[in-house]
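What follows is one structure encoded as structure tokens, with my remarks underneath.
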Amino acid sequence: MVDFRYHLVSLIAVFMALGVGIILGAGPLQNSIGSVLTNQVDSLRESRNEAWAQAEEAERESQAYREGLESLTTDMITGSLDGQAIVIVALPGASDDAIAAHSENLMLSGAEIQGVVEITDNFFSPATASYRNALSGQLGSYVETSDNPMETLVAGLELILMTDDESTGAATLLELYQSSDNPLIEVRESLVSPSDAILVVGPTEVEVPVEGEEDPDAETILANKVEFMTAIETPAVLVSTGDSGTLLDAVRADDNGVSTVDSPEDSTSFINVPFALTQELSGATVAWGITDSAELVLGERAELENFAAADPSESEEGVTEGEATEGDSVDGDAPVDGETVEGEAIDGGEAGTEGEGTLAGVLGSEDQQTDGDSAGEDQPADGE
């Protein structure tokens, strides 16, 4: 049993320590401790104020940067996509605001929007994999099938987007893809086919899963989306958020020849998207934006060639006065001796006015033909 004296000694020691602490704290240590704490508080306050000032300055610079780009965007992109037909494909997670903004922006660049198609979760979900496999096996009469069902389904989607709207095959596929049981696509705006290129609008915000509620199929869905983008053979650009772990980040890491533009709601994307489409239409692949994986913050446009066939009549030189000689013929008929055919030759089926490349002007009358001229008839004998 512990003696009472030990308890008494312990209590005395505790009170002595308390007393010494009070004396020292109120005496020699008071100023030094107070000064240290005061200095620390002042230092923290100054650091906070500096951080606020830097944040405000950065915000002002960012705002000026955005306003500057926005003021230049129209002048920079105008005419870059003149005459090009673009269809917009929206992936799950694409916001309506981003789709509308980029649609309007493409029209400013001169493009014609052929429609907006939304890809549903059924196109990527493991739950509908058996349905997709079965459907891809039925597309052999419409597209070239592949061992990879995703590639076959994407080929069918391209047929819908890129074929004339009067095509029976495209209409049938459109009906199949919009099946009420497992629709793969939804047409937001009526399709006006064919299109020259595709703008794929991906997720515009990073989805942060709640702890404990992570989707076990997330990796499979992401892999299916990467396959979807890789399988597109038509010139296409993906615009989506480019943070780590996103679709755009995975596409860039895969280095599969898909053009990408990150930060779809940033001012840079409204310049980069039209320019990236011109690069795709020219056969180049780009990765532009403001994330670390981008090659350039702002890209440059590619001048698109005019693929329209030239008018054959404009490339042919007519027979000018003084160039036609005796024996020269137009469509097998000889001109009158000493006369020329002015204007363009008739050789393409075009006719001008009489005397300027018409049959009447070339043939003239029988009285104007002289010896040695050929009018498609036997020459008369001497004396006749």
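The values are calculated or read from the model by the stated rules, or taken from the named source; none is laboratory data. All values derive from a computational prediction rather than experimental measurement. For neighbour counting, all protein chains shown are included, and Cβ atoms are generated from backbone atoms with ideal geometry for every residue, glycine included. For accessibility, only protein heavy atoms count, side chains too; no ligands or nucleic acids. Shrake-Rupley method; radii C 1.70, N 1.55, O 1.52, S 1.80 Å.
Suppose every K and R has +1 on its Cβ and every D and E has -1 on its Cβ; what is the size of the dipole of the stretch 211-255 about the Cα centre, in Debye to the nearest 20?
Values: 2 positive and 12 negative charges, 71 e Å.
It works out to roughly 340 debye.
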(message) If I ignore ligands, DNA and RNA and count only protein heavy atoms, how much of His7 is accessible to a 1.4 Å probe, in Å² to the nearest 10?
(response) 100 Å²
(request) Apply 1/(1 + (r/R0)^6) to the Cβ-Cβ distance of Val297 and Glu233, taking R0 = 25 Å, and write down the FRET efficiency to the nearest 0.05. (result) 0.30
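What is the gain in length, in nm to one decimal, between Val14 and Tyr131 on full extension, counting 0.36 nm per residue of separation less the C-alpha to C-alpha distance?
Details: separation 117, 0.36 × 117 = 42.12 nm, distance 7.89 nm.
Gain on stretching Val14 to Tyr131: 34.2 nm.
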(request) Lys and Arg at +1, Asp and Glu at -1: add these up for the other residues within a Cβ distance under 12 Å of Ser109 and post the number. (result) -3
(message) How large is the accessible surface of Asp82 in square angstrom, using a 1.4 angstrom probe and rounding to the nearest 10?
(response) 100 Å²
(request) Order Arg5, Arg132, Arg66, Arg45, most accessible first, counting only protein heavy atoms with a 1.4 angstrom probe. (result) Arg5, Arg45, Arg66, Arg132
(message) Modelling each spin label as a point 7 Å along the Cα-to-Cβ direction, I'd like the Leu24/Thr168 distance in nm, to one decimal.
(response) 10.0 nm
(request) For Gly242, list long-range residues whose amide hydrogen, built 1.01 Å from N in the peptide plane, is under 5 Å from its own amide hydrogen. (result) Ser263
(request) With a point put 7 Å past each Cα toward its Cβ, work out how far Asp217 is from Asp254 in nm, to one decimal. (result) 1.8 nm
(message) Under 5 Å between amide hydrogens, which residues at least 5 positions from Thr260 or on another chain qualify, with H placed 1.01 Å from N in the peptide plane?
(response) Leu238, Val286, Ala287, Trp288
(message) Check which residues have an amide H placed less than 5 Å from Ala302's amide H, if you skip close sequence neighbours.
(response) Thr278, Gln279
